[in-house]
Every structure is written in structure tokens, then in C-alpha cells.
Amino acid sequence: GAVAQDDHQLVTNGDIEIVTEAPAPDYISGLRTIYSGWRFRDASLQEMQMDDFENPAIIAVDKAIVQWSTVDGTEGKSCASCHEDVEQSMLGVRAVYPKWNEDAGEVRTLAMQINDCRTENMGAEAWKYDGSDMTGAEALISMQSRGMPVNVAIDGPVADTWKQGEEMYYTRYGQLELSCASCHEENYDNYIRADHLSQGQINGFPAFRLKNDGLVQTHNRFKGCIRDTRAETYSPGSAEFVALELYVASRGNGLSVEAPSVRP
Amino acid sequence: MNRTLTAIAGVCLATTAAAQEVAPLDVSFDEYGAIAASLSGVPGDAAAGKEVMSERSIGNCVACHQVTALEATFQGNVGPSLDGAADRWDESQLRGIVANAKMTFPETVMPAFYKVNGYIRPGDAYTGKAGTEPLPPLLSAQQIEDVVAYLTTLKE
């Protein structure tokens, strides 16, 4: 089998230890070890993610901090009105998303929950699912879980959605007839032309992509990967991508949350 | 309609060696996945095949394969090196592999280059939008013949 590129250790800001390699969860039969995408990147890129002063995603996080306490909507509230200090209220939240919301009876991604707070609790307009306000807020919230193990539930009320995501992961889409597994399970650590294939983990999302000069949302990445199989893709925020996100997140159970990451 | 006309023309002009193209849906593979007859009826051009294999916008075979004789940069390694491919496979087998590798290697990740339907969520090229089957094949009959002509030069 393949081995990740190197045995570099990821420690952010000199003190947050990030687990980038862990035993695969037993429900993933195709992998023995899981690796963070960070392990497949060049050393110079890896370094950008080791220090928040060099991480270009932090500009968006700084904006999101201002946004956090900016009043918006008919109720005259900001996120801080209810959640107060983001560092305390959002500690560990990202590590367990997507998760079941009992009241709504649905699986919610972080973006869905944020928009629910905006429309229901603030009387504000929903943000574009993968727009910059949303990815900034996701990055800010995710950062509060950095170094904590991803621990997404896969059974109970989410079991059917998880199963749907698993089926999608192994579906060979498009004219190239490639599944997520074709590239990220069977061929991780190999090269497709210049691209060093990772396991397609999402513990680093939202990720700052140098190519886009901005934060990229999980569903955005999924959309690009499916498009690249010459398939009709799905939309960010669609029920299909929510299911796929739940499943892909669960493939990273045991890695640390490391968002916002830096990618080529 | 078009095909009928071409077929009639083919019969009439047989003496002047007019091309008799085999449409993607009419290709016949043997039980091991090989295709005996030329898809275009025109001999392949190895130099053109070399270009198809290297160019990102055409065959882009080097996305997955390494070929020492090609100058293309960043050759991938998802598939095996094609050096010496002609020592391992004859022309009809190579034609079968390029046209639809799944007839030779059932579960392979190698895409079928001469197939137009039977896809899951077929797209309109790389737009992410829906495409309508039959899709144009990834390579034309002549491009396949050109690639096969080049592959048959890969001897060690």
C-alpha cells in the first residue's frame, strides 16, 4: 500500500499538536491508516499552516471575528448576543459536525446551523452556502476545535444519511467513471499528472487554496472533484453533498481538526 | 441517417479506400477485450498518437502513465509505465485497451476513450452541467488508431 509523503509533524503556533496520521476507523474497509491532506503537501506549504502569522486564511478569520459581534437582522442581535465568547462557546463544535439536530429532525452541517441561527434567531438573511461570509465564520468556529479529534457520529438517527454518503463515495461518476475512492482510496500518494493525491480528508476545511486566493468550502471541493470526472455535479448545500460530507467527515474520525488549512 | 449514408458511400467508393469508421456502439470486442479491426479504416499515425497521449486537452494519457520516450512533464503513476507495452500486448489488444479498458481489466480506473453511453450523471465535458447521451467519445476513431500506432512502437 501507499505511504504518505513524509513523517513531518504538524504543530501549529508551536503549541497545538495536530494528529495527521491515525488508524482507520473499522467501518472503512479500504484503508488501514488515515492521513491528513497536510501530509501530502510540499514542505513550504506545510510551513504556512504551522504558523497563523503565515496562514493566509487568518485574514478571513479576522473579518469573521468582527462579524461575530456585528448586529444584523430584524431581532437586533449578533452571534455574540447569544454565544458570547466564540473561544468558549464554539470549543469542540466543529469536531462533531455534521450532526443530527433533534428539533429539526435533520442532519446539519455547520453551514446549515449558522444559516439557521441567522434566519431563525437573528431575523437576518441566510448567507450564500459557500460564500465568503460563510467560509469565514466556519473557519473561525473550526479554529476553536483545532487539535481536537474529529468525532462524527455515524449511527442512530444519522445512519441512513451516512449510508447514502458511503454509496456516493463509491459511485463511479461521469464520463471518466471515477469514484472518490478511485482517486482518494485506491490511489492516494500517487500522482495524477502534477497532482499528489491525498485521501481527500476534510479535517482541514474550510481550506485556503492558493489557486483561488481564498477559502474553499467542503462542498465546493466536492463539486470540483465530481466535475473533474466529466459528470453533472451537485450543488453546495444539496442534500446529496450533506450526506457525502457526513460520510467523508467520518472517514477522518481520529485525525485532528486542523482548519483552516492551506492547500495549493 | 448519416451513418447509413456513410455506409453506402463506403461501399460505392471501396476501390478508392474511403474510410469505413466503426461507430462507438458498433465496436466488437473479443472475449478478452481486444478489437481486431481498425476503428477508422485508415492506418494510424504514430506521430499524431504521441501528441494525443501527451496533450492535456486531448488524451492526456500521461496523467496516469509514465512513458520514457515522451517529453511531457509531470507524468503520473496511477497506471503502470507504458514502456515496453508493445512487448506485452499486440495491436488488437492495445486497441481494445484504449477504446474501453474495462473489457480487458474489469474494475480498472482507466477511462473508456471510445464509449458514449451508460454513464452515471454524464456531464457536458468539464462544465459540471448535465450532458446528453450519447456523449461524444473522449477520442475519435482516428485518434485511437493514432495512439495504437504509437503504442506499438513502445518496445524494450
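The values are calculated or read from the model by the stated rules, or taken from the named source; none is laboratory data. Computed from a predicted model, the values in this text were never measured in an experiment. Backbone-built Cβ (ideal geometry, glycine too); neighbour counts: all protein chains shown. SASA here: full protein model, heavy atoms, side chains in, ligands and nucleic acids out. Shrake-Rupley method; radii C 1.70, N 1.55, O 1.52, S 1.80 Å.
Residue check: A:Glu185 meets all listed conditions (1) open to solvent by less than 10 Å² (accessible area, probe 1.4 Å); (2) in contact (Cβ under 8 Å) with a residue 60 or more places away in the chain but one, namely (1). Within region A:191-210, being away from chain B (no Cβ under 14 Å), part of a loop (DSSP other than H, G, I, E, B) and of a type in the set (A, V, I, L, M) holds for A:Ile202, A:Leu210. Comparison of A:Glu186, A:Glu125, A:Glu138, A:Glu177 shows that the only residue that is modelled with pLDDT of 95 or more and more than 20 Å from A:Gly224 (Cβ to Cβ) is A:Glu125.
Every condition in (1) in contact (Cβ under 8 Å) with a residue 60 or more places away in the chain; (2) crowded, with 19+ Cβ neighbours inside 10 Å; (3) on the phi < 0 side of the Ramachandran plot holds for A:Asn190 except the one numbered (2).
I'd like the residue in region A:215-246 that is among the hydroxyl-bearing types (Ser, Thr, Tyr), in contact (Cβ under 8 Å) with a residue 12 or more places away in the chain and buried (at least 24 other Cβ atoms within 10 Å of the Cβ) and, out of all such residues, is farthest from B:Ser57 (Cα to Cα). Here the answer is A:Thr218. Of the listed requirements (1) in contact (Cβ under 8 Å) with a residue 12 or more places away in the chain; (2) over 28 Å from B:Gln75 (Cβ atoms); (3) open to solvent by 10 Å² or more (accessible area, probe 1.4 Å), A:Ser256 misses just one: (3).
Within region A:28-54, which residues are over 22 Å from A:Leu197 (Cα atoms) and either in contact (Cβ under 8 Å) with a residue 12 or more places away in the chain or of a type in the set (D, E, K, R) (or both)? Walk me through it before giving the result.
Of the residues in region A:28-54, the ones over 22 Å from A:Leu197 (Cα atoms) are A:51-54.
A:Asp51, A:Asp52, A:Glu54, listed by residue number.
Considering region A:211-242, the residues that are in a loop (DSSP other than H, G, I, E, B) and acidic (Asp, Glu) include one that is nearest to A:Ile192 (Cα to Cα), namely A:Asp228.
Can you name the residue in region A:12-23 that is open to solvent by 20 Å² or more (accessible area, probe 1.4 Å) and part of a loop (DSSP other than H, G, I, E, B) and, of all such residues, is nearest to A:Gln201 (Cα to Cα)?
Per the stated criteria, the residue is A:Val19.
Within region A:153-163, identify whether any single residue is part of a loop (DSSP other than H, G, I, E, B), under 21 Å from the mean Cα position of the chain (by Cα) and among the charged types (D, E, K, R), and answer yes or no. Looking through region A:153-163, at least one residue is part of a loop (DSSP other than H, G, I, E, B), under 21 Å from the mean Cα position of the chain (by Cα) and among the charged types (D, E, K, R).
Scanning region B:71-87 for residues that are hydrophobic (A, V, I, L, M, F, W, C) and at pLDDT below 95, we see that the one that is most open to solvent (accessible area, probe 1.4 Å) is B:Phe74. Among residues of region B:114-151 being under 12 Å from the mean Cα position of the chain (by Cα) and part of a loop (DSSP other than H, G, I, E, B), the one that is farthest from the other protein chains (Cβ to nearest Cβ) is B:Ser140.
When you scan region B:88-102, do you find a residue that is closer than 22 Å to A:Ala231 by Cα, hydroxyl-bearing (Ser, Thr, Tyr) and either away from chain A (no Cβ under 14 Å) or buried (at least 20 other Cβ atoms within 10 Å of the Cβ) (or both), even just one? No - not one qualifying residue is present in region B:88-102.
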